Amino acid sequence: MNALAQLVARRAEAEERGVSRRDFLKFCGMVAVAMGLEASMGAQIARALEGKKKPSVIYMHGAECTGCTEALLRLVDPYFDVLIMEVVSLDYCETVMAAAGHAAHAALQKAMKNPGGYFCVIEGAIPTRDGGVYGQVGGQTMLSLFTEVAGKAKGVIAMGSCASYGGIQAAAPNPSKAIGVGAALKPLGIAPINLPGCPPNPVNFVGTVVHLLTKGLPELDTSGRPKLFYGKTVHDMCERRPHFDKGEFALTFSSQQARDGWCLHKLGCRGPWTYNNCPTALFNQTTWPVRSGAPCIGCSEPGFWDQLAPFNRDVREKGDDA
Amino acid sequence: MADKAYTGRIVVDPVTRIEGHLKIDVSVKNGVVDNAWSSTQLFRGLEIIVKGRPPEDVHNYVQRACGVCTTTHSLTSIRAVENAMGFKAPPAAELVRHLILATLIVHDHLVHFYHLHSLDFCDVANALKADPVAAAKLASQVSGREVAPGDLFVVHGRLKKFVEAGQLGWLDNAYFLGGHPAYRLSPEENLVLAANYIEALRVQMKIAKAMAIFAGKNPHSQTMRVGGVTCYEALRPERLAEFRALYEECRAFINHNYLGDLTILGRRYPEVAAYGRTTNYMDFSDFHDPETGKDPFFRGGVLWGHAIGKAEDLDPAQIQEHLSRGWYKPGPPAHPYDGVTDPDYTGYDPDGHYSWSKAPRYKGEAVETGALARRLIAYSRGEKETITRMDAWLAACKLKQENLFSTMGRTAARMVESVILMNRVQGWLNDLEDRAKAGPVELYREWKMPDEAKGVGFCAVTRGALSHWIRIEKGKTANYQMVVPSTWNLGPRCDKGKPSAVEQSLMGNPVLDPDRPVELLRTVHSFDPCIACSVHVVHAGGKRSFRIL
């Protein structure tokens, strides 16, 4: 390497250390806030995460659409590359892993024997009709494979509404008899942390992972969701709530009231029935459905595809009374 | 070990870096694939689930067919219902839909190339041997924009630290580890690709963010509805400026880095531009003029054989789905309006039923659909920008026109399409901005659902020709069929035993190292499988050795 190259290298390395450190601290501070802690807790979280072997994560895909994985790719704090290079060791994830076939299976086996254990994340529901033949991975039914992997994990996260409660494929008449991870693992006595949403906000995933690593299991609600992220309704945190309180409703999507950002309650918004942090966490760091004029469809609630549908109806037509 | 004379069967299960679960099982004779089957392994039954639901609600459900092409199913469903109602959305709403679809396609192409496909060509471990200064020089030369050596030092240092820490995570057990004869980039080329792999993770986040400004969120947009779109908020000047800034940044990456990386690959892997061939090509039209509904920017059609210059128009009445090799109750080939989805799992039998996928055919023939099909059709129709950019890439890589019909051609077509589409986005954005400046913009029109109707939505999505077909009875969804690109590309044989596009393309693939058959991955990945299900590609072949990898 020539002298110039060495000079550039030294400077770049110094920059790199600085930048990584800053990014890392920023990330920890962000996580602290997402977890409802003071931002100053960030330094404490950073100390807890640093210097350790990266925790192993095994990420399985069941009956799903990969939207949850896609949501994870949209992470900013930290960026996805920081997550998988500097925060966790993503030892199995079919969507991004380099290995395929036997080599992928070997990576799974190796990760499952990791002396430090591993966390299991499952995206997607589990088909159970006819013994599970409606969904197979490597000749093994998802039901059998996931039971094996989750059964030995230190902790199980059900990523998204399908893994949490069955999701879209479990909507009536549930042709493949798909069920959520919690229902499937019940015989093993395992209760996953549910992170529902279609997709869930990736911030809730990172916050949960960091909570697990630094403080243990977060407090869950009766639907298995961390109260940190799912403790309040969308309605209670909605930026259009003042319009609701004043009785200012948009009655059609073409109306002046819709243009003016009035409450979408009478256009079918399911925000009052939906526990999630969309209004504060935002999607893609820029907006969320109601801000963009679209009523909430209740995508983090168990059974929402049937129980909160039809979506394009005023709630009163369902016989509900808000 | 390289084993050019390998004869036998190879199973790769699961194929990773795709949407869904995939299994490949091929027969290899003297180091060359001579037969293959493709079989999807997951049935979710969305078409059954939407029966009886309000037609205007269906787009929410079918959007969840896929979280990668996400919004395309929603848009196609909305188009089908609007078609059934004889409804036309306001022009500004169509412009917003164009911007959502265009950013989605480009986002998808980028993630596909870098995060699902590039590890088939790039040996990340070998990048540690690179001289970052030389790599920066190379990157500047192929990308046409100055790359600072410091940037590549940072990546180099980070990769080194990552590898030396001993936890390889998502790179563990990669086919390239320890060297592989089919990986042939220099250390500097590998470093450039690896750096762009990381950079593209951040760029894709920005394209998705740009899309979310109009879509409400990404993945799974929520602002598109039957009747128009709801995102009045996105028409504010500061929001349009936010979109424009994100768009410009992403466009620069595509025009320089993405293009440069495909040049590196095209030069280094001429053999990948010689295999992976299919026979026929088809795609739909899209991005019609928002005012007239005519003059599509993507003009669909059919190209038979490799007869460049002879694209013909598409007749949707000629689409049929065959059932005889899928796990469905038997029935004759049916047009999607009359299609039946009645599952009947009978176990895997390559001579009989072997897939959850139906087999769509056009005039009874298997066709490939997607970016390569679209660019070949555009090329055949004399569309200048496609011809110029395709020819420029071929010339830069010293390849010939016939090399377009290949695995590498498929991968390069996505890059060319991204460049062309991003150029066009500017015009749509300007148009929308002008309308917003001129006064209140109509984004939504009221509609009335008919009691009885039928409709179809066509969409030229990332992976090809997508169509949704709806029959409405008593104001509800009576029948719904989705014919998706990956069914065209990765479905099973048809009633007459003719193989699908991917089954054709695997035949003739070399396999240098049967323990690490990266060539098979290259070809299967080049279709960007997105099937929310798994695919078997299984060989029929006789009494050869059987090797499960």
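Extension gain for A:LYS227-A:ASN114 works out to 37.6 nm (0.36 nm per residue, less the C-alpha to C-alpha distance). Can you tell me how the stretch A:126-265 classifies by the Cα gyration tensor, rounded, prolate or oblate, using a/c under 1.5 as the rounded cut? Cα axes put the stretch A:126-265 in the oblate bin. Taking other residues whose beta carbon is less than 9 angstrom from the beta carbon of B:GLY169, and scoring Lys, Arg as +1 and Asp, Glu as -1, yields -1.
Let me know the shape class of the protein assembly as shown, please: from the alpha-carbon gyration tensor, a ≥ b ≥ c as square roots of the eigenvalues, rounded when a/c is under 1.5, otherwise prolate if a/b is greater than b/c, or oblate. Judged from the Cα gyration tensor, the protein assembly as shown comes out rounded (a/c under 1.5).
Exposure proxy shown here: for B:TRP488, B:TRP428, B:TRP356, the number of other Cβ atoms within 10 Å sets the order, fewest to most, as B:TRP428, B:TRP356, B:TRP488. Quick one: of A:LYS227/B:LYS217; B:LYS448/B:LYS496; B:LYS384/B:LYS496, which pairs are farther than 32 Å apart, Cα to Cα? As for pairs spanning more than 32 Å Cα to Cα, those are B:LYS448/B:LYS496; B:LYS384/B:LYS496. Excluding same-chain neighbours fewer than eight residues apart, the aspartates and glutamates reachable from B:LYS329 by a Cα-Cα span under 12 Å are B:ASP342, B:ASP344. Counting only DSSP beta bridges whose two residues both lie in chain B, roughly 85 percent are antiparallel. Taking the Cα of B:TYR337, stepping 7 Å toward and past its beta carbon, and measuring to each backbone N in the stretch B:446-465: which are under 14 Å? Counting only backbone N, you get B:452-457.
With all projection directions averaged, the alpha carbon convex hull of chain B covers 24.2 nm².
Looking at the protein assembly as shown alone, DSSP beta bridges between its own residues are antiparallel in about 65 percent of cases. Note on B:THR292 and A:SER255: with the Förster distance fixed at 22 Å, the Cβ-Cβ geometry gives a FRET efficiency of about 0.20. Sorted ascending by nearby beta carbons within 10 Å, beginning with the fewest, B:ASP261, B:ASP342 become B:ASP342, B:ASP261. In this label model, B:LYS437 and A:ASP130 are separated by 6.1 nm, measuring between points 7 Å along each Cα→Cβ vector. Ranking of B:GLU446, B:GLU94, B:GLU417 by neighbouring Cβ atoms within 10 Å, starting from the fewest: B:GLU446, B:GLU94, B:GLU417.
In summary, the helical segments of chain B meeting the span-like criteria, namely a full DSSP H run, a Cα extent along the axis of 15 angstrom or more and a mean Kyte-Doolittle hydropathy of at least 0.5, are B:91-111, B:132-143, B:187-215. B:CYS494 sits among other residues whose Cβ lies under 14 Å from its own Cβ, and their net charge, with Lys and Arg +1 and Asp and Glu -1, is +3. Other residues within the sphere of radius under 10 Å centred on the Cβ of B:PRO350, judged by their own Cβ, net out at -1 (K and R +1, D and E -1).
Note on B:220-229: average number of Cβ atoms from other chains within 10 Å of each residue's Cβ is 5. Short-range pairs are left out: with C-alpha atoms under 8 Å and at least six residues apart, the relative contact order of chain B is 30 percent. Pairs of Lys residues in the stretch A:138-218, spaced 8 or more positions apart or belonging to different chains, with C-alpha separations under 22 angstrom: 5 in total. Can you tell me how the stretch B:398-492 classifies by the Cα gyration tensor, rounded, prolate or oblate, using a/c under 1.5 as the rounded cut? In terms of gyration-tensor shape, oblate. The distance separating the Cα centre of the stretch B:463-498 from that of the stretch A:78-149 comes to 30 Å.
Each value in this text was obtained by applying a stated rule to the coordinates, not by laboratory testing. Because the structure is predicted, anything quoted here is derived from the model rather than measured. As a convention, Cβ positions derive from the backbone with ideal geometry for all residues, glycine included, and neighbour counts pool all protein chains shown.
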